[in-house]
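Everything below concerns the one structure shown next.
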Amino acid sequence: MKKILAHLALAGSMAALALPAAAQFAKPEDAVKYRQSALSVMAAHNGRIGAMVNGRVPFDAKVAAENAELVATLAKLPWAAFGPGTDKVGNTKAKPEIWTEQAKFKEAADKLVAESAKLSAAAKTGNLDAIKTAFAANAATCKACHDAYRAQ
Ligand code: ASC
């Protein structure tokens, strides 16, 4: 019985991943809360690497690698929450261009996923110079997307 339940739970979560983004959230407000939360937690972990890159805190390779791995994982999450009908909800700063330039927005999201994966790979080497380079490239990706798609 336990095994059947486990299988059902797994099938359920896999179905959820395959569903259209909008169907993952009960209300549009939930999608906005989800994407803002994911971006906010990602920024917190990115900031911990930034503090080391900028010399504000001593470099610790293990801490850098743990945080970079989190950034790379979190970078995959926000995008499914920019579904139809979530453009004018709550206190969103998301610009209408996200929905009118969907292919370009997806490109920007994919770029963050790629650059954050490179940051995580660099952090695993423990080489601070490599981390600095990858951190800068990843931060530039954050900024480019904010400039294009986030209202001030
Ligand atoms: C962060 C963060 C951002 C970006 C941006 C990069 O850590 O919170 O919004 O990086 O500052 O320029």
Failed item, numbered, when residue 46 is tested on (1) outside any loop (DSSP other than H, G, I, E, B); (2) more than 12 Å from the ligand (Cβ to nearest atom); (3) within 12 Å of the chain's Cα centre (by Cα); (4) of a type outside the set (A, V, I, L, M, F, W, C) = (2)
If we scan segment 64-79, do we find a residue that is within 16 Å of the ligand (Cβ to nearest atom), open to solvent by 60 Å² or more (accessible area, probe 1.4 Å), part of a loop (DSSP other than H, G, I, E, B) and out of contact with any Phe, Trp or Tyr (no Cβ under 9 Å at 6 or more places or on another chain)?
-> no
Selection from segment 39-49 of residues open to solvent by less than 60 Å² (accessible area, probe 1.4 Å) and in contact with a helix residue (DSSP H, G or I) (Cβ under 7 Å, 6 or more places away or on another chain) yields 39, 42, 45, 46, 49
Among residues of segment 95-152 being within 16 Å of the ligand (Cβ to nearest atom) and part of a loop (DSSP other than H, G, I, E, B), the residue surrounded by the fewest Cβ atoms within 10 Å (Cβ to Cβ) is 152
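The values are calculated or read from the model by the stated rules, or taken from the named source; none is laboratory data. For clarity, every value in this text was computed on a predicted model and none was experimentally measured. Cβ coordinates were reconstructed from backbone atoms using ideal geometry, including for glycine residues, and neighbour counts include every protein chain displayed. Surface areas here come from the heavy atoms of the whole protein model, side chains and all, with no ligands, DNA or RNA. Shrake-Rupley method; radii C 1.70, N 1.55, O 1.52, S 1.80 Å.
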